[in-house]
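Worksheet: one structure, shown below.
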Amino acid sequence: MEALDYHAEERRKAEFNLDEMKIVWAGSRRNYELSDRVARLVASDPVFRKDNRTMLTRKDLFKDTLRKAAHAWKRIIDLRLSEEEANMLRSYVDQPAFTDLHWGMFIPAIKGQGTSEQHEKWLPMAYKMQIIGCYAQTELGHGSNVQGLETTATFDPQTDEFDLHSPTLTSSKWWPGGLGKVSTHAVVYARLITGGQDHGVHGFIVQLRGLDDHLPLPGITVGDIGMKFGSGAYNSMDNGLLRFDHVRIPRNQMLMRVSQVTREGKFVQSDVPRQLVYGTMVYVRQTIVSDASCALARAVCIATRYSAVRRQFGSQNGGPEIQVIDYKTQQSRLFPLLASAYAFRFVGEWLKWLYTDVTQRLQANDFSTLPEAHACTAGLKSMTTSVTADAIEECRKLCGGHGYLSNSGLPELFAVYIPTCTYEGDNVVLLLQVARFLMKTVSQLGSGKKPVGTTAYMGRAEHLMQCRCEVEMAQDWLKPSTILEAFEARAVRMSIACAKSLGKFSNPEDGFAELSPDLVEVAIAHCQLIVVSKFLEKLQQDIPGKGVKRQLEILCNVYALHLLHKHLGDFVATGCITPNQGALANEQLRLLYAQVRPNAIALVDAFNYTDHYLGSILGCYDGNVYQKLYQEAWKDPLNDTVVPDGYLEYLRPILKQHIRTARL
Ligand SMILES: CC/C=C\C/C=C\C/C=C\C/C=C\C/C=C\C/C=C\CCCCC(=O)SCCNC(=O)CCNC(=O)[C@H](O)C(C)(C)COP(=O)(O)OP(=O)(O)OC[C@H]1O[C@@H](n2cnc3c(N)ncnc32)[C@H](O)[C@@H]1OP(=O)(O)O
Ligand SMILES: Cc1cc2nc3c(=O)[nH]c(=O)nc-3n(C[C@H](O)[C@H](O)[C@H](O)COP(=O)(O)OP(=O)(O)OC[C@H]3O[C@@H](n4cnc5c(N)ncnc54)[C@H](O)[C@@H]3O)c2cc1C
């Protein structure tokens, strides 16, 4: 018998080839096939079940995480999965774990900042997980200000060792994932001191726990920092604290690609820029942008499918009520998020390319594109995670009351996702880095130095400062060049206005601090321009499949015009468009929503998420929401007994007292 599909009618409405869209979303046919196979492998394995984890105590949740990580590792070895497949498998297991930091930061830190001898020594052990590592940078007193870290690594020429020490309470390492209970090793960031001189923060490989007994080594105090936001969620991770009491490590455990300390204790700064010490953060920020599209797509998939099932009001002659997805307000809240998921997917692909390119250049000692890579990864990490975090909450609201149920999947997704706005760089701090980069670019405009890459548009500042938008009718807003020019003009005009205001301060740093809220807005305008332009560039590619390109064009226009509508004040105040042109953009946006509507379910099907990965009754593929909600309610432990525990002690006495009072 064919399974019931409550979305069958919606799926029939789609105007494009779904299989081809799945490939566009995955990036290639090969990626699609790999990811589909691995997702199904995880979904069909009972060890990876996750529907009960919000009910677990912290200890049980943590043990469950260890069990899943061990099982995942066994599957990876048994099935001889490639590194790419193994990463996919861990992400489909969908439970934050120490392995994220081991593979995502510890190994990349050694690869990026270690010498070839250090690679040979440490990487084989790390790849086999004979050692497990974390990334111990943040301290109790300092996170954003990396130069303010207090842990010291003092070279002792007598013994050819570094002495790692935590001189103050605030120098305790605080937050590193995987540190609390699991890691045997860490890349620790500490101030390098040689001959009494402080050379700033560098990375050191430090063993924390015994490889036989897992006990902390002498001089090391280590533990978990405690419960975090929400139930389940990120509490599967052992974010840790760490203190050193004069712990000794050999000199060759300082990561020495950027700077070296010789046997005599001489500090040698190589030609490599010191910012490469921050390289692991650049790498992870780039991965976070791709992950933002996945998390956003997940929330949007749940809200879209549920919005097609849910009906409220408007029954005519006893017929069905209106599907809430047909309300224009629902569409105007949901479809821009759907478009943003696609937009972030494509900018994430591009950022991966940029990162690979800069890495290849760095290997050839070409550091010219490093500032651009830093600005793009910092800015896009900030922008995409802020939007995604807000969007998950919006999707919860789009699902009405049922969105607040744990089994909607949205509360846990939100709780796991929101620290992304803080970790790997607080989002405001990162936008200020972008603003610095932009102000520097503007200040060099007159010098003959041509801006390149994502700031190339600033080279056309003269034109962009005075160009006039030519939109006369709503449909004029569908022209890619019109959209692009409006976003470029807004970004350049906001940048130049801020640069002019900065120029009025005698001390530039004072000006930067005073104008920082405006500078953040400038950085956002620039980042939005990047996302819009990369979406438009994607549309220049050959995209096969009936109707696929057309749908992407619609989504691209929705993405750009909803931003224009949301930031209308910027566009009008800078004179890039008139209020009337803003109104025409909004009119066009409404027409676009009507075009998205019949394709909405298929557009979220294209993410190809299994019900296991989605973890949401509201978002389940077949749309059989009410029956599943009803069945699920009876599985709650509170319903194990008809009369709850505590009735006799606490409820009955009150009820009886009430009866006595009533009788009086
Ligand atoms: C239930 C499950 C459900 C759902 C699951 C769903 C989703 C899962 C979601 C996400 C998973 C995502 C990813 C997984 C992968 C692995 C990770 C897992 C978890 C992550 C854990 C997080 C780990 C951390 O947080 S590590 C700590 C991070 N810390 C920071 O980021 C600190 C931020 N601060 C800084 O970076 C710097 O201090 C600063 C940049 C702010 C300032 O530095 P500094 O003071 O030294 O510099 P300035 O003086 O300002 O600048 C000097 C010049 O240097 C340039 N610069 C600065 N930084 C860089 C850089 N990185 N690269 C290059 N250049 C740099 C700067 O521009 C200046 O240049 P100028 O030319 O001189 O102006
Ligand atoms: C779940 C989670 C996992 C983490 N994992 C790791 C890990 O594995 N390893 C690791 O080393 N660290 C980790 N961290 C730490 C994380 O990287 C830091 O918390 C993050 O970098 C922010 O730094 P902070 O906590 O010092 O924030 P703060 O800098 O103290 O931020 C507090 C407020 O001050 C504002 N602010 C700070 N500086 C400025 C400024 N210059 N201008 C304007 N506003 C400013 C911020 O915007 C924010 O609103 C993790 C954190 C979390 C929450």
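By per-residue mean of other Cβ atoms within 10 Å, what is the highest-first order of 265-275, 137-147?
Ranked by mean Cβ neighbours within 10 Å, highest first: 137-147, 265-275.
How many times 2.2 N^0.38 Å is the alpha carbon radius of gyration of region 395-436?
Rg over 2.2 N^0.38 Å, computed on Cα atoms: 1.61.
Using helices alone, I'd like the mean residue ellipticity at 222 nm for the chain: each DSSP H run of four-plus residues gives -39500 (n - 2.57), total over residue count, nearest 500.
-16500 deg cm²/dmol
I want to verify the translational diffusion coefficient of region 60-213 in µm²/s; compute it with Stokes-Einstein, Rh as the Kirkwood radius over Cα pairs, at 25 °C and 0.890 mPa s.
Here the translational diffusion coefficient equals 146 µm²/s.
Between their Cα atoms, which of K500/K534; K13/K397; K63/K628; K173/K228; K440/K566 are more than 22 Å away from each other?
K500/K534; K13/K397; K63/K628; K440/K566
If you take the alpha carbon radius of gyration of region 413-540 and divide it by 2.2 N^0.38 Å, what ratio comes out, to two decimals?
1.19
Would you please classify the overall shape of region 166-275 from the alpha carbon gyration tensor, given that a ≥ b ≥ c denote the square roots of the eigenvalues, rounded means a/c under 1.5, and beyond that prolate means a/b larger than b/c while oblate covers the rest?
It is prolate, given that a/c is not under 1.5 and a/b is the larger ratio.
Calculate the length of the line joining the C-alpha centroid of region 537-598 to that of region 96-168, in whole Å.
Going from one Cα centre to the other spans 46 Å.
Using a/c under 1.5 as the rounded threshold, could you call the chain rounded, prolate or oblate? The axes a ≥ b ≥ c are square roots of the C-alpha gyration tensor eigenvalues, and prolate needs a/b larger than b/c, oblate otherwise.
The shape class here is oblate.
Over all directions, average the projected area of the Cα convex hull of region 298-382 and note it in nm².
For region 298-382, the mean projected area of the Cα convex hull comes to 6.8 nm².
Mean separation of Cα pairs under 8 Å and 6+ residues apart, divided by the residue count of the chain: what relative contact order is that in percent?
It comes to 17 percent, rounded to a whole number.
Could you work out, for region 221-283, what percent of all Cα-Cα pairs fall into each 5 Å distance bin, beginning at 0 Å and stopping at the bin that holds the largest distance?
Cα pair-distance distribution for region 221-283, in percent: 3, 13, 13, 13, 16, 16, 11, 8, 5, 2, 0.
Please give me the summed charge of the neighbours of L552: other residues whose Cβ is under 14 Å from its Cβ, Lys and Arg +1, Asp and Glu -1.
Residues near L552 contribute +1 overall.
Please say if region 138-216 is rounded, prolate or oblate, where rounded means a/c under 1.5 for a ≥ b ≥ c the square roots of the C-alpha gyration tensor eigenvalues, and otherwise the choice is prolate for a/b larger than b/c and oblate otherwise?
Judged from the Cα gyration tensor, region 138-216 comes out oblate (a/c at least 1.5, b/c at or above a/b).
Using only C-alpha atoms and all pairs of different ones, pull out the Kirkwood radius for region 1-94 in Å with one decimal.
Computed over region 1-94, the radius equals 15.7 Å.
Ordered by packing density, taken as the mean number of other Cβ atoms within 10 Å over each peptide's residues, highest first, how do 528-538, 215-225, 61-71, 442-452 rank?
528-538, 61-71, 215-225, 442-452
How would I524, I302 line up from fewest to most surrounding beta-carbon atoms within 10 angstrom?
Fewest-to-most ranking of I524, I302: I524, I302.
Quick check on packing: order 505-518, 545-558 by the mean number of other C-beta atoms within 10 Å, highest mean leading.
Highest to lowest by the protection proxy: 545-558, 505-518.
For region 518-532 and region 302-362, what is the separation of their Cα centres, given in Å?
Each part reduced to its Cα centre gives a spacing of 22 Å.
Looking only at the chain, where both bridge partners belong to it, what percent of the DSSP beta bridges are antiparallel (to the nearest 5)?
Taking every DSSP beta bridge within the chain, about 80 percent pair in antiparallel fashion.
If we count every other residue with Cβ under 10 angstrom of R460's Cβ, Lys/Arg +1 and Asp/Glu -1, where does the sum land?
-3
Using the C-alpha gyration tensor of region 443-504, what are the square roots of 5 times its eigenvalues, in whole angstrom, with the largest one first?
Result for region 443-504: semi-axes of 25, 14, 9 Å.
What does the net charge come to around A292 if you take all other residues with beta carbon closer than 10 Å to its beta carbon, with K and R at +1 and D and E at -1?
Taking every Cβ under 10 Å from that of A292, the sum is +1.
Cα-based Rg (one decimal) and Dmax (whole number) for region 594-659, in Å?
Expressed in Å, the Cα Rg and Dmax of region 594-659 come to 20.9, 62.
Read-outs: derived from the displayed coordinates by stated rules, not from any lab. Keep in mind that what you see is a predicted model, and the values were worked out from it rather than measured. Virtual Cβ from ideal backbone geometry, glycine too; neighbours counted across all protein chains shown.
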